[in-house]
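Notes follow once the structure below has been shown.
The values are calculated or read from the model by the stated rules, or taken from the named source; none is laboratory data. This one's a predicted model, so the numbers in the text were calculated from it and none came from an experiment. Cβ coordinates were reconstructed from backbone atoms using ideal geometry, including for glycine residues, and neighbour counts include every protein chain displayed. The area values use the complete protein model at the heavy-atom level, side chains included, leaving out ligands, DNA and RNA. Shrake-Rupley method; radii C 1.70, N 1.55, O 1.52, S 1.80 Å.
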Amino acid sequence: MIIYESGLLKVRKLEKKDNILLVKWLSDPSVLEFYEGRDNPFDIDKVNKVFYSSEDDEVRCIVEYDNKAIGYIQFYKLDSETSMFYGYKTELIYGTDQFIGESNYWNKGIGTLLVTSMINFLVENKKADYVVMDPQARNIRAISCYEKCGLKKVKILPKHELHEGEYHDCWLMEYRK
């Protein structure tokens, strides 16, 4: 099921057959450096458990570019506890997590197109007041991409994410409608 299209970019719901793509991407050290950790590669059983058997409200999607599957994005409405932790009150807030798994598609502006088009989708179709992300502070490429898409650094989240055996600071970044 297609969620939306923007030029050559298509975001569609994750299908069972996509588990092979997720194994490929989530066992690649260059992807794992910032997403999940190089000490945490995925095999087929782990992909099936994490992406196909959980009962949360995340909408999991495959990113296609020019009809080739190149990455993953998920979006979700923040629960009230997370919203309050981030400092929001009654606003409708969505979060996203994403990666381009095919490294030959990096540094071509596709990530910027993906994030910008997802923000537009969430604001227009889900009526989001804010779209937030929390990249690791050391992930300069992602932060630069998100800033190009109109997100602003709001506050540092100290020791927010366990990654490769240690806790890392993350930036709370937001797009405000």
Identify, from the list 157, 122, 114, the residue that is open to solvent by less than 30 Å² (accessible area, probe 1.4 Å), free of Cβ contacts under 8 Å to residues at least 60 places away in the same chain and either in a strand (DSSP E or B) or closer than 23 Å to residue 18 by Cα (or both).
157
Pairing a residue in the range 64-84 that is over 21 Å from residue 160 (Cβ atoms) with any residue that is of a type in the set (D, E, K, R), where Cβ atoms lie under 6 Å and the two sit 6 or more apart in sequence or on different chains, gives 64/10; 70/102
Of the conditions (1) among the aromatic types (Phe, Trp, Tyr); (2) open to solvent by less than 60 Å² (accessible area, probe 1.4 Å); (3) under 15 Å from residue 172 (Cβ atoms), residue 85 satisfies every one except a single condition; which number is it?
(2)
In the range 33-49, what residues are over 15 Å from the mean Cα position of the chain (by Cα) and either open to solvent by 60 Å² or more (accessible area, probe 1.4 Å) or modelled with pLDDT of 95 or more (or both)?
38, 39, 41, 42, 43, 44, 45, 46, 47, 48, 49
Quick one: what pairs do we get from the range 99-110, first residue farther than 18 Å from residue 60 by Cα, second among the β-branched types (Val, Ile, Thr) and open to solvent by less than 60 Å² (accessible area, probe 1.4 Å), C-beta under 8 Å, 6+ apart or different chains?
103/31; 105/70; 106/100; 110/70; 110/100
Hey, can you tell me all the residues within the range 131-154 that are of a type in the set (S, T, N, Q) and either open to solvent by 70 Å² or more (accessible area, probe 1.4 Å) or not in a strand (DSSP E or B) (or both)?
139, 144
Applying the selection to the range 83-111, what residues are under 26 Å from residue 26 (Cα atoms) and either among the basic types (Lys, Arg) or in a helix (DSSP H, G or I) (or both)?
103, 104, 105, 108, 110, 111
Among (1) surrounded by 12 or more Cβ atoms within 10 Å (Cβ to Cβ); (2) assigned to a strand (DSSP E or B); (3) not basic (Lys, Arg), there is one condition residue 167 misses while meeting the rest; what is its number?
(1)
